[in-house]
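Have a look at the structure below before the remarks.
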Amino acid sequence: MIPNRFLVGSLTIDLSELDLTDRRSNVASVRIANIILITLVGLIVGLRLFVRAYLLRKIFIDDVLIIIATIFTLVLSSVCLAATNHGLGTHVWLLGVAEIFATVKRCVQFLYVCQVFYACAIAFTKLSIIASYLRFVHDRFFRLTMFLTGLIVIGLWLTGIFVVIFQCSPVSGAWDFENPDRKCIDFIEYLYASSVISVAIDVVLCILPCPYLWKLKMPLKQRIILCLLFGIGLVACVAGIVRITKLDTLIALDVTFGSVLCLNLSVVECSLGIVCVSIPALRPLAGKIFPKAFRSNVSNHSSEKTPIAMGVQRSAAASIAPESRPESRPESNIIDSQEDPSKEYGYIRQDVEIDISYEERG
């Protein structure tokens, strides 16, 4: 008779925790989710680079960082797909009996690698967001907050890589359950702590810029849309929060099957983060395709009144020096006029048109 509880190295296995009659498979969910996300991320980032290189004719540091984040995310998805050929998505009791422990080891090794790429993808996505904000906003408090947030992101990233690699002594103990001398930290507790910090950073990055964007002199509708575009990253926060609730599946006895949901959520979080960050950058392309839908009614009205405003509407952002604006505009000290988000994301600032038309009349 097979006992319900026995030891494999330092790992205690309790068969009473397993439903040996369950023959479901999660292999299809891993493959479908990752293929869809690889396609989506590749498409959105490709369009973003097209807008930067062809329409704006300039690549920024945040674009470089998002490319790095995309590479890590695509590698993460590729590793997940490869892991399905080594037991991921299949119940442990459905694996070949002769090689069950060897298969589980290989699967856990893939999960081990996934944790490293996940940490890198999340970190570079956040750094890309911070870099884009620093190009626009010159407010001292905001910039100090962003630099501090960037340091926390880098610290969390480096700490995450270190903890993943050295969670066990020896290092191979992370997947070699048959080693009776292995000693490991409580890795799941670290994941809980780091994930909560990561979600908190996401919330800060989504909400903090809104007051500064709201000060732009644009029609109310355009200000609302611009704030929503920058706040759309909260969608990725939802995936991060749900992922936190599923972290315990990484230490489940049936790890090859139970870890799939948490792993899928990790890829979703990375992918949605990149997509949400890149969507605002696609607005100039949308303006080219649907010019009437993105045209400001106020700007059109101003253009009809004065021929000067028509010329300004076409070239104000490129031809007007920051110092030529009236000193009474408080946002000029906050938003860099040469890196104006209203220009980069397809808007024309109403206050510039009005100011120049008055100066020319005078």
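Condition check: more than 16 Å from the chain's Cα centre (by Cα) and touching a residue at least 60 places away in the same chain (Cβ under 8 Å). Does Leu247 satisfy that?
no
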Kindly indicate whether any position in segment 204-225 is out of contact with any Gly (no Cβ under 9 Å at 6 or more places or on another chain) and under 30 Å from Ile165 (Cβ atoms).
-> yes
Every pair of residues 6+ apart whose Cβ atoms lie under 7 Å, when the first sits in segment 202-216 and is farther than 11 Å from Thr145 by Cβ while the second is polar (S, T, N, Q) and surrounded by 14 or more Cβ atoms within 10 Å (Cβ to Cβ) = Leu216/Ser342
Does Ala82 satisfy being within 21 Å of Leu40 (Cβ to Cβ) and free of Cβ contacts under 8 Å to residues at least 60 places away in the same chain?
-> yes
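To keep it simple, each residue is scored yes or no on (1) touching a helix residue (DSSP H, G or I) at 6+ places or on another chain (Cβ under 7 Å); (2) farther than 15 Å from Tyr133 by Cα; (3) of a type in the set (Val, Ile, Thr).
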{"position": "Cys184", "(1), (2), (3)": "yes, yes, no"}
{"position": "Ile188", "(1), (2), (3)": "yes, yes, yes"}
{"position": "Leu191", "(1), (2), (3)": "yes, yes, no"}
{"position": "Val204", "(1), (2), (3)": "yes, no, yes"}
{"position": "Met218", "(1), (2), (3)": "yes, yes, no"}
{"position": "Lys221", "(1), (2), (3)": "no, yes, no"}
{"position": "Val235", "(1), (2), (3)": "yes, yes, yes"}
{"position": "Ile244", "(1), (2), (3)": "yes, yes, yes"}
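Identify, please: which residue in segment 44-59 is assigned to a loop (DSSP other than H, G, I, E, B) and not basic (Lys, Arg) and is, among those, modelled with the lowest pLDDT? Walk me through how you get there before you give the answer.
Let us first name the residues in segment 44-59 that are assigned to a loop (DSSP other than H, G, I, E, B), namely 56-59.
From the residues that got through so far, the ones that are not basic (Lys, Arg) too are 56, 59.
Details: Leu56: 87, Ile59: 91.
Within segment 44-59, the match that is modelled with the lowest pLDDT is Leu56.
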Spot the failing condition for Arg182; the list is (1) surrounded by fewer than 18 Cβ atoms within 10 Å (Cβ to Cβ); (2) at pLDDT below 95, and only one is missed.
-> (1)
Ile67 more than 22 Å from Ile32 (Cα to Cα) and in the same structural domain as Glu269 (by TED's automatic domain parsing) | yes
Close pairs (9 angstrom Cβ cut-off, 6 or more residues apart or separate chains): of a type in the set (D, E, K, R) in segment 138-157, assigned to a helix (DSSP H, G or I) anywhere | Asp139/Tyr212; Asp139/Asn333; Arg143/Tyr133; Arg143/Leu134
How about segment 135-153: which of its residues are within 20 Å of Ser198 (Cβ to Cβ) and not hydroxyl-bearing (Ser, Thr, Tyr)?
-> Met146, Phe147, Leu148, Gly150, Leu151, Ile152, Val153
Positions within segment 200-226 being surrounded by 19 or more Cβ atoms within 10 Å (Cβ to Cβ) and either in contact with a Pro (Cβ under 7 Å, 6 or more places away or on another chain) or in a helix (DSSP H, G or I) (or both), in sequence order | Ile201, Asp202, Leu205, Cys206, Tyr212, Leu213, Gln222, Leu226
Candidates Ala69, Ala102 - the one that is at pLDDT below 90 and either under 30 Å from Ile130 (Cα atoms) or loosely packed, with under 15 Cβ neighbours inside 10 Å (or both) | Ala102
Out of segment 73-99, which residues are β-branched (Val, Ile, Thr) and part of a helix (DSSP H, G or I)?
-> Thr73, Val75, Val79, Thr84, Val92, Val97
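A quick yes/no check of all residues on (1) at pLDDT below 90; (2) under 19 Å from Ala281 (Cβ atoms); (3) touching a strand residue (DSSP E or B) at 6+ places or on another chain (Cβ under 8 Å):
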{"site": "Asp19", "(1), (2), (3)": "yes, no, no"}
{"site": "Ser29", "(1), (2), (3)": "no, no, no"}
{"site": "Gly42", "(1), (2), (3)": "no, yes, no"}
{"site": "Ile61", "(1), (2), (3)": "no, yes, no"}
{"site": "Val79", "(1), (2), (3)": "no, no, no"}
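The values are calculated or read from the model by the stated rules, or taken from the named source; none is laboratory data. What you see is a predicted model, and the numbers here were worked out from it, not measured in a lab. Glycine also receives a Cβ, built like all others from the backbone with ideal geometry; neighbour counts cover every protein chain displayed.
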